[in-house]
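Have a look at the structure below before the remarks.
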Amino acid sequence: VQLQASGGGSVQAGEALRLSCAASRSIDSIDTLGWYRQAPGEERELVATITRAGSTNYADSVKGRFTISRDNAKNNLHLQMNSLKSEDTAVYYCNARVFVTIYWGQGTLVTVSS
């Protein structure tokens with residue numbers, strides 16, 4: 001499955017952004033979809049995941065501010081990011097886990113200025 005992330009940009013602290021990830025095929029059967037991020041000089045880290053059943057998991061740093069959702073009808077994954085902080089600055093990647101295979105999108109840059 002191919003993934004195309006979009007929606008990144010430059011915002012001020014406290015503002016919001018909504019990231020989207022378009023899949024090349026139906027996501028109905030995909031076990032887990034997720035968002036990860038990688039800040040400059042840092043390792044890639046989990047932001048949020050959502051299962052086929054709709055169960056979600058968030059990194060502690062984004063709980064209460066970010067919301068992950070999936071639109072199976074449109075084969076899209078979203079990440080609503082509110083109350084952005086400068087430490088949220090990173091390249092954000094969407095991914096999909098299909099059985100034992102992990103697929104990654106190309107990343108979209110989010111820059112938050114304080």
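The values are calculated or read from the model by the stated rules, or taken from the named source; none is laboratory data. Here the structure is a predicted model, which means the values were calculated and not measured. All Cβ positions, even for glycine, are placed from backbone atoms using ideal geometry, and neighbour counts span all protein chains on display. What goes into the accessible areas is simple: the full protein's heavy atoms, side chains included, and nothing from ligands, DNA or RNA. Shrake-Rupley method; radii C 1.70, N 1.55, O 1.52, S 1.80 Å.
Restricting ARG70, ARG65, ARG52 to residues that are modelled with pLDDT under 95 and either of a type outside the set (Asp, Glu) or touching a Lys or Arg at 6+ places or on another chain (Cβ under 7 Å) (or both) narrows the list to ARG52. With the checklist (1) among the polar types (S, T, N, Q); (2) closer than 23 Å to SER114 by Cα; (3) out of contact with any Phe, Trp or Tyr (no Cβ under 7 Å at 6 or more places or on another chain) in hand, flag the one item GLN80 doesn't pass. Only one criterion in (1) among the polar types (S, T, N, Q); (2) closer than 23 Å to SER114 by Cα; (3) out of contact with any Phe, Trp or Tyr (no Cβ under 7 Å at 6 or more places or on another chain) is unmet by GLN80, namely (3). For the stretch 91-102, check the following and say yes or no: at least one residue is at pLDDT below 95 and of a type in the set (D, E, K, R). The answer is yes; a qualifying residue exists. Scanning the stretch 71-114 for residues that are within 20 Å of ALA16 (Cα to Cα) and small (Gly, Ala, Ser) yields a total of 6. When GLY34, GLY64, GLY9, GLY41 are checked against the criterion of being out of contact with any Asp or Glu (no Cβ under 6 Å at 6 or more places or on another chain), more than 20 Å from THR101 (Cα to Cα) and open to solvent by less than 30 Å² (accessible area, probe 1.4 Å), GLY9 stands alone in meeting it. Restricting attention to the stretch 3-32, which residues are in contact with a strand residue (DSSP E or B) (Cβ under 7 Å, 6 or more places away or on another chain), at pLDDT 95 or above and assigned to a loop (DSSP other than H, G, I, E, B)? Passing the criteria: GLY7, GLY8, ALA13, ALA16.
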